[in-house]
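Please read the structure below before turning to the comments.
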Amino acid sequence: MHGGAATLARRFLESGQKVDLILATDMLDLTTFQALTRRRTANTPFAIYFHENQLTYPPPPGEKRDLHYGFINYASALAADRIFFNSGFHRDAFLEELPRLLKHFPDFNELETINRIEARSEVLPLGLDLERFDAYRPAQRLPGPFRILWNHRWEYDKQPEVFFNALYALLRDDLDFEVIVHRGKLQAAP
């Protein structure tokens, strides 16, 4: 979140591309990118898409939240023309946490900016249309074990212990299943 904006700004300027809109992820320090590219992007609209945010993202166990990353998200949202969130939950959590972040400042905490951010925010869910796969659904369940896919990282924030607890419950219920993971395959004992 620190150096990426400078690298992307340099590459953008070197590319010479003309753009109608810049859509950035929440992992970009949008204010730095805008400052470094302003000679070419002064009249370009900016949108930011939050698939997560650093105000509510759980810190690693035993570590304290680094408020600077949350401030980058706040300033980026403030600088964007439009703000998109992948879910209402993430939008609401971000907006609810902003006052706590801003109240860390002893004066000029800019609480009124939250309303401006909220007014430019909307939910834009991931564009998945799974109904088109219904045509390929077999009339009857295929033989063999149920297949369970774990396509996440194994870090604390994905709560793999919840996943394993569900697997243990399936084993207790004597269900036939196999687990497909990102790299490899775990199979329940027969």
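The values are calculated or read from the model by the stated rules, or taken from the named source; none is laboratory data. Keep in mind the model is a prediction, meaning the values are calculated, not measured. Cβ: placed from backbone, ideal geometry, glycine included. Neighbour counts: every protein chain shown.
Key figures
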{"read-out": "For THR56: the one exception among (1) surrounded by fewer than 18 Cβ atoms within 10 Å (Cβ to Cβ); (2) among the polar types (S, T, N, Q); (3) not in a loop (DSSP other than H, G, I, E, B)", "value": "(3)"}
{"read-out": "Among the residues listed as LEU111, LEU78, LEU95, the single one being loosely packed, with under 15 Cβ neighbours inside 10 Å and assigned by TED's automatic domain parsing to the domain that holds LEU30", "value": "LEU111"}
{"read-out": "Test: residue in the stretch 77-93 that is assigned to a loop (DSSP other than H, G, I, E, B) and on the phi > 0 side of the Ramachandran plot", "value": "no"}
{"read-out": "Selection count where residues are surrounded by fewer than 20 Cβ atoms within 10 Å (Cβ to Cβ) and not hydroxyl-bearing (Ser, Thr, Tyr), scope the stretch 29-41", "value": "5"}
{"read-out": "Test: residue in the stretch 131-150 that is among the acidic types (Asp, Glu), surrounded by 10 or more Cβ atoms within 10 Å (Cβ to Cβ) and within 30 Å of TYR49 (Cβ to Cβ)", "value": "no"}
{"read-out": "Among the candidates LEU95, LEU67, residue that is within 16 Å of the chain's Cα centre (by Cα) and within 25 Å of GLN159 (Cβ to Cβ)", "value": "LEU95"}
{"read-out": "Which numbered condition HIS90 fails, given (1) modelled with pLDDT under 95; (2) touching a strand residue (DSSP E or B) at 6+ places or on another chain (Cβ under 9 Å); (3) exposed (fewer than 14 other Cβ atoms within 10 Å of the Cβ)", "value": "(3)"}
{"read-out": "Residues that are within 17 Å of PHE84 (Cβ to Cβ) and charged (D, E, K, R), drawn from the stretch 46-70", "value": "GLU52"}
{"read-out": "Check on ALA119, among the hydrophobic types (A, V, I, L, M, F, W, C), over 13 Å from LEU78 (Cα atoms) and surrounded by fewer than 16 Cβ atoms within 10 Å (Cβ to Cβ)", "value": "no"}
{"read-out": "Any hit, the stretch 14-22, residues being in a helix (DSSP H, G or I) and modelled with pLDDT of 95 or more", "value": "yes"}
{"read-out": "Odd one out for HIS104, checked against (1) surrounded by 12 or more Cβ atoms within 10 Å (Cβ to Cβ); (2) in contact with a helix residue (DSSP H, G or I) (Cβ under 7 Å, 6 or more places away or on another chain)", "value": "(1)"}
{"read-out": "So GLU97, is it touching a Lys or Arg at 6+ places or on another chain (Cβ under 9 Å), part of a helix (DSSP H, G or I) and under 25 Å from TYR69 (Cβ atoms)", "value": "no"}
